[in-house]
Amino acid sequence: MKILSVKSIPKLSWSSPQTFTLRPKFPSLLFLFTGLIIFGLGEALLIASTVGVSPWTVLAQGIAESIGWSIGLMTFVISICVLFLWIPLKQKPGIGTIFNAIIIAVTLDYALPHLPAFEGLLLNTLMAAAGVLITGIGGAIYLVANLGPGPRDGLMTGLQSVTGRPIAVVRTMIEISVIFFGWFLGGTVGIGTVLYAFGIGPSVAVGVLGLLMIFKPFSKYQCD
C-alpha cells in the first residue's frame, strides 16, 4: 500500500534546515503555523462530535481517576513524561514544540463554539472521522516544516527512526497501546477514540504523500 511506503518525514523546499533554531526562515514558520491550525481544527471536530476523545485523553482520564488528579494536570504530566522518552530516541525539540501547545489550544478555543452540533450518531461519527483525517494532514504539514514536533508526534517520529517501520504502523501501535492502558485504568473509550487510534497514523501518511505530490520537484525525500 502506498500509505505504508511512508517511512519518514520528508524535507521539502520550505522545511527548516535545522530543527532547533531561533531564527527560522519565513516559509518554514508559515507552514508550521498553518499545519498547527489545521491540526487544531481537526481536534476540535473530534471533540465537537461527542463520540469519543483522543486516546491520550482517555489515558489522562484513566490515570486522573485512579490518583485523584484533574485531567488537565494529568495531560500536562503525561506530556512531560513523553518528552523524557525523547532522550533515548534522540529527538530534538524546537520552537514548534512550544507553538504546538499554544496554537492548538487557541484554535480549539476559537473553533469549538462555531462548530455544528448534530444529534444523529451517523453524522457525529462522520464528523469525528473528518476530524481525524484533518488532524493527520495538519500534523504532516507542521512536521515537514521541521521546527520541532509536539510531545506525542516526537514520540512517533523517534520510534519510527529506531524501528524503521512505516509511520502509519508506528503511530497506530502507539495509539492502540495508549487506549488499552487508559481503558484499563478507567478511561472512557468511544467510537471517535477508535477512529483516532486506527486513523491518525494513515492520515499523517496521507498528508505526507499529498505534500510530496505537490512539492515533489523540490523534494529531497523518496518513499522507501
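The values are calculated or read from the model by the stated rules, or taken from the named source; none is laboratory data. Quick caveat, the model's predicted, so the values are computed rather than measured. All Cβ positions, glycine included, derive from the backbone under ideal geometry; neighbour counts span all protein chains shown. SASA here: full protein model, heavy atoms, side chains in, ligands and nucleic acids out. Shrake-Rupley method; radii C 1.70, N 1.55, O 1.52, S 1.80 Å.
So the values come out like this:
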| item | result |
| --- | --- |
| Test: residue in the stretch 67-81 that is assigned to a loop (DSSP other than H, G, I, E, B), surrounded by fewer than 19 Cβ atoms within 10 Å (Cβ to Cβ) and not hydroxyl-bearing (S, T, Y) | yes |
| Residues (of a type in the set (A, V, I, L, M) and surrounded by 24 or more Cβ atoms within 10 Å (Cβ to Cβ)) located in the stretch 118-131 | A128 |
| Selection from the stretch 77-104 of residues that are under 17 Å from T34 (Cβ atoms) and in contact (Cβ under 8 Å) with a residue 60 or more places away in the chain | G94, I95, G96, F99, N100, I103, I104 |
| Criterion (touching a Phe, Trp or Tyr at 6+ places or on another chain (Cβ under 7 Å) and either outside any helix (DSSP H, G or I) or at pLDDT 95 or above (or both)) met by exactly one of L12, L46, L22, L59 | L12 |
| Residue in the stretch 119-131 that is touching a Lys or Arg at 6+ places or on another chain (Cβ under 6 Å) and either closer than 30 Å to F26 by Cβ or modelled with pLDDT of 95 or more (or both) present | no |
| Residue in the stretch 44-66 that is open to solvent by less than 50 Å² (accessible area, probe 1.4 Å) and among the acidic types (D, E) present | no |
| Verdict on V53 being of a type in the set (V, I, T), modelled with pLDDT under 90 and not in a helix (DSSP H, G or I) | yes |
| Qualifying residue in the stretch 155-164 (condition: open to solvent by less than 10 Å² (accessible area, probe 1.4 Å) and under 25 Å from I9 (Cβ atoms)) | yes |
| Residue tally, condition in a helix (DSSP H, G or I), open to solvent by less than 10 Å² (accessible area, probe 1.4 Å) and under 16 Å from A101 (Cα atoms), over the stretch 141-152 | 1 |
| Test set (1) farther than 15 Å from M156 by Cβ; (2) of a type in the set (S, T, N, Q); (3) in a helix (DSSP H, G or I) - S203 fails condition number | (1) |
| Count of residues meeting criterion [of a type in the set (A, V, I, L, M) and in contact with a Gly (Cβ under 7 Å, 6 or more places away or on another chain)] in the stretch 174-193 | 3 |
| Which listed residue is modelled with pLDDT under 95, open to solvent by less than 80 Å² (accessible area, probe 1.4 Å) and not hydrophobic (A, V, I, L, M, F, W, C), from G182, G136 | G182 |
